[in-house]
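Accompanying notes for the structure given below.
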Amino acid sequence: MSKQTVLFGLLFLATLAAWQLGEIELVPEPTTKTENFQPDFTARELVTTRFNEQGKRTERLESEYAEYYQVLEQATFTKPVVYMFDDKGAAEWKLTAETGVLNTDDNVILRDKVHLDGLLPASFISTLDTSYLELDLVTQGMRSNQHISIVGQEFQTEGVGLKGHLERKYFELLDKGHATYFNEKR
């Protein structure tokens, strides 16, 4: 091989390399911004009570541990217990769960081992069990998309999904519902 052929070959390779490097745009890796919010305050053994304009209790919330996030406008709870009171001030409903979230719209989301107890003798529901329940504290509307088991004084029912209202004493199982009715009160 002649020197001229080798030089043309090297020149060709150098030109090819420069051309390839010129085509490559060095774009920085897109950074995914992960938000790591810190709570604005935390509480242990939290107890908070809400009263209406007449000074009667409407709700009471207890929790082993709570965190409040101002930027998210929500509070998270460990082992929450929610009491709801009737117009006379008597505790009517008690809800418990493993975890819960309360947002600024007074909407409570309860997860894991959600249990509702009717505390008054005339409660249309004695117990309700599910793994997920959303409850509007203002309207007392509730809903779930999980398996539901309800026991009343004269019935027992199960299904998937729930739409209901505690104050109006109304509930509807949305899918796969079946019930057993008793002749005598239990």
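Laboratory data are not the source of any read-out in this text; all were calculated from the coordinates shown. Since the structure is predicted, the reported quantities are computational estimates derived from the model, not experimental observations. Glycine also receives a Cβ, built like all others from the backbone with ideal geometry; neighbour counts cover every protein chain displayed.
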Coarse-grained scattering of the range 27-172 at q = 0.16, 0.17, 0.18 Å⁻¹, given as base-10 log I(q)/I(0) from a Debye sum over alpha-carbon atoms: -0.87, -0.97, -1.07
P(r) tail fraction, the range 81-141 - alpha-carbon pairs more than 14 Å apart, %: 56
Furthest towards positive pole of dipole, V101, H115, A43, structure part the range 41-181, Cβ charges: H115
Value of [θ]222 nm, deg cm²/dmol, for the chain, DSSP H segments ≥ 4, -39500 (n - 2.57) each, nearest 500: -4000 deg cm²/dmol
Neighbour count of at most 16 Cβ within 10 Å plus DSSP loop: longest chymotrypsin sites (Phe, Trp or Tyr not before Pro)-free window in the chain: 38-123
Residue list for the range 132-168, given a label point 7 angstrom along the Cα-to-Cβ vector of E73 and an amide N cut-off under 18 Å: 135-139
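On a full-extension model of 0.36 nm per residue, what is the gain between T139 and Q20, subtracting their alpha-carbon distance, rounded to one decimal in nm?
Result for the pair: 36.2 nm of gain on full extension.
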Angle between the chain longest axis and helix 3-23 axis [Cα atoms, degrees, rounded to 10]: 20
Cα-projected label distance for Y170 with E45, points at 7 Å along beta-carbon direction, nm: 4.2
Above-threshold pairs, the threshold being 23 Å between Cα atoms, out of K94/K169; K56/K79; K79/K176; K113/K176; K56/K163: K56/K79; K79/K176; K56/K163
Extension gain (nm, one decimal) between D86 and D117, 0.36 nm per residue minus Cα-Cα: 9.8 nm
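Restricting to Cα pairs below 8 Å that are 6+ residues apart, what does the relative contact order work out to for the range 41-181? Please round to a whole percent. Please report the intermediate quantities before stating the final value.
On the way: 368 pairs, mean separation 17.7, N = 141.
Once divided by the residue count of the range 41-181, the mean separation gives 13 percent.
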Karplus 3J(HN,Hα) series, Hz, for the range 154-167 with 6.51 cos²θ - 1.76 cosθ + 1.60 (x for Gly, Pro): 10, 7, 9, 9, 9, x, 10, x, 8, 9, x, 8, 5, 5
